Structures are given as C-alpha cells and as structure tokens.
Amino acid sequence: MIQKPSVVLLHGFGADGILTWMFQVFNLTSHYSVYVPDLLFFGGSTTASGNRSPAFQAECVVAALRKLGVERCVVVGLSYGGSVAFKMGELYPDLVEAMVVCGFVEAMTESVSDAALKKLGRRRWSDYLLPTTADGVKELFTVANYWLPPWISHRVLKDYLEVMFSHRKEREELLEAMVIRDQDFTPYLYHQRIHLVWGDDDKLLQVELAHNLKECSMASPLLIKCSKNLLNHIPSCTTANNATNSASIVDRAMQDCFLLLQDMAPLLSKNVNPEFDYGRTTKPFRECRPHILGDLITHNVIIHAT
C-alpha cells in the first residue's frame, strides 16, 4: 500500500481547525493524509506553559505530529497559522518539506502591525480578533473574507461568538506575543519550496509584503498567487462559495511541492449535506458543526502541552 503524502492544515485566529478547513478536507483526503491541529487555546488544545509565541505553537504541533508518526509533510498556514508554519519551516526543516502560507508575513513586526491596525482603525489586535458582540463577529468576517453569505443571520453570529471565542485571556496573550520589535527580527533564509496565497485587496496585510518576503527570505523559487476573484485577507480558503477555486490553488501548490501530477478530488458541492446549510436548518451552530465532516478528516489533532 502506497502511503499518502502528509499535509498539515493550520487555522487562523478566528476559528479552530475543523471549521477553518472543512471545505478543503473534502478535496484533499483522497490524495493526502490530512492533519488538522487545533493550535493552543483553540478547540480543545491547552497548555500549562506561559509561552505564547508562534515558535512554541510550532514546537507543540511538531511534537504532536512526531507522536503520530509523521516524518515529512507540507504545512499550510492561514493568517496566524502562517506564522506558525514559518516557524515550523525554520526550526524543523527535516520535517517540513514545503509550505503554503495564506495572507501572512514571516514575522509580525511592530511596523507591520502598526500599519495594519491603522488601516483597521484599531489600537490593538484583540479589539478586532476577539469580538465581544455579534456585530463584532460580523465585522471580523466582513473585513477578513472576500464574500460574506447573505444568509448569515444575527442568531448565527451570536452562536458563533459563544462557541468560538473561549480562552480570551490566553488568546490576548497570543496576540501580544505575535508582535515583535523590528530590531529583533532577522529574516530567515528558507530552503523549502514556499507558495504564498494572497488576496489582491487584502484589508489587513498588503500584498506588497509578499513581494518583500520574496526578496529577503526565500532561497528557492516562490510562487505568489494574487487572484482578483479571491480578494480580502482570507483568500477564499474557508468559504464554500468558491471552494473549487481556493482548494485548487492550495492543492496545486502542494502538488508542485510534492512533484505530484494528479486531478483534483471531487468538488465540495458534491459532498456537503445540505441539511447543515444554515439557510435551511434551525439547528444552532454548535449542534450542526460536529456532523459536517463525519469521518473524512484523517486526524483532528488536539494538543495538551506542558
């Protein structure tokens, strides 16, 4: 039996692993062994350590992957997950064969952070990424996503707020640890194949930052994907409406990294049960979510770190 290549999908700050990557899992599981970790203080992952850095997140993900027997993998990081992916590539080059990073820089320096917050009209990242009201969740989605489904009601947003934003104190600490002083940052020369997926009209981090990465941090060829159809900070990577296009970008990048030439898996639209479309069900988010993926995920990784 031929072993499938391993793919690790790292979520951003607005959701846990399953919710972020549910659509891509449908497209990838026929060709890859898919690992979907919940980063620390998301989903069921926790730690007694006071370390909140992306490097510690990377260390914990790698420890879990080693325990599961993963020897080589491609890491896909979305937004905040991209910072963890970069750290995994830097610190564990024997494990990380290639990376696909969606809408994030190698390090969130103070200058990059200040410019992004000014663009948002916010003083702190927690003011945007840790909403306290349903309207705040809607703003989070509107800014980050290129398209917001019109059927997302206030009830859905309120339920999402209750389910997705636990460990608020620890997440604030994660955001504080994410930003480092400019003088403390030294670009790392990566030798892995790296693909950047970036929206043309990213509302948080401008696409010019991707070109700066190309100039100072990449030893191997870098492919920058900037699609006019995938606009904002999250380049359609977590939305069903354009799952075919977004999944194909990520999948094509991973195919290139692995030097694999294969067709895409069946489209998401052929797999999703419409019973769990919020436009057609009265079930709350917390009840629908566990049933969406069924047994398709290879590993949803919950981390408990000391």
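The values are calculated or read from the model by the stated rules, or taken from the named source; none is laboratory data. In this text the structure is predicted, and so the values were computed from the model without any measurement. So basically every Cβ, Gly included, is an ideal-geometry build from the backbone, and we count neighbours across all protein chains shown. In case anyone asks, the SASA skips ligands and DNA or RNA and just uses the protein heavy atoms, side chains included. Shrake-Rupley method; radii C 1.70, N 1.55, O 1.52, S 1.80 Å.
General observations
- Amide H contacts under 5 Å for TYR146: LEU231, ASN232, ILE234, SER236, restricted to partners 5 or more places along the chain or on a different chain, H placed in the peptide plane at 1.01 Å from N.
- The modelled label-to-label distance for the pair LYS4/ALA55, using points 7 Å beyond Cα in the direction of Cβ, is 3.4 nm.
- Estimated FRET transfer efficiency when R0 is 22 angstrom, pair PHE185-ALA63 (beta carbons, to 0.05): 0.30
- Pairs beyond 26 Å (Cα-Cα), from LYS67/LYS158; LYS67/LYS169; LYS87/LYS158; LYS67/LYS203; LYS4/LYS87: LYS67/LYS158; LYS67/LYS169; LYS87/LYS158; LYS67/LYS203
- Distant-in-sequence amide contacts of MET108, defined by a placed amide H-H separation under 5 Å and a gap of 5 or more residues or a different chain, comprise ILE180.
- Close amide H contacts of ARG193 (hydrogens built in the peptide plane, cut-off under 5 Å, sequence separation of 5 or more or a different chain): MET99.
- Working note: Debye formula, equal point scatterers on the alpha-carbon atoms of the stretch 54-94, no solvent; log10 I(q)/I(0) at q = 0.17 Å⁻¹ is -0.38.
- Phi angles across the stretch 133-141 convert, under the Karplus curve 6.51 cos²θ - 1.76 cosθ + 1.60 with θ = phi - 60°, into 3J(HN,Hα) values of 9, 4, 5, x, 5, 4, 4, 4, 5 Hz, Gly and Pro given as x.
- A full extension of the chain between THR133 and GLU110 corresponds to an added length of 5.5 nm, given 0.36 nm per residue minus the alpha carbon distance.
- Dipole in debye (nearest 20) - the stretch 22-118, about Cα centre, beta carbon charges: Lys, Arg +1; Asp, Glu -1: 220
- In the full protein context, the stretch 113-212 carries 53 Å² of accessible surface per residue, based on a 1.4 Å probe and ignoring ligands, DNA and RNA.
- 3J(HN,Hα) from dihedral phi, the stretch 86-98, Karplus parametrisation 6.51/-1.76/1.60, rounded to Hz, x for glycine, proline: 4, 5, 4, x, 6, 8, 9, x, 6, 8, 8, 7, 7
- In order through the stretch 43-51: 3J(HN,Hα) via Karplus (6.51 cos²θ - 1.76 cosθ + 1.60), integer Hz, x for Gly, Pro: x, x, 8, 9, 8, 8, 6, x, 6
- C-alpha center-to-center spacing [the stretch 166-183, the stretch 40-60] in angstrom: 11
- Label-point gap, in nm, between LYS118 and GLU71 - each point 7 angstrom along Cα→Cβ: 5.0
- Percent carbon-and-sulfur accessible area, the stretch 1-110, ignoring ligands, DNA and RNA, probe 1.4 Å: 54
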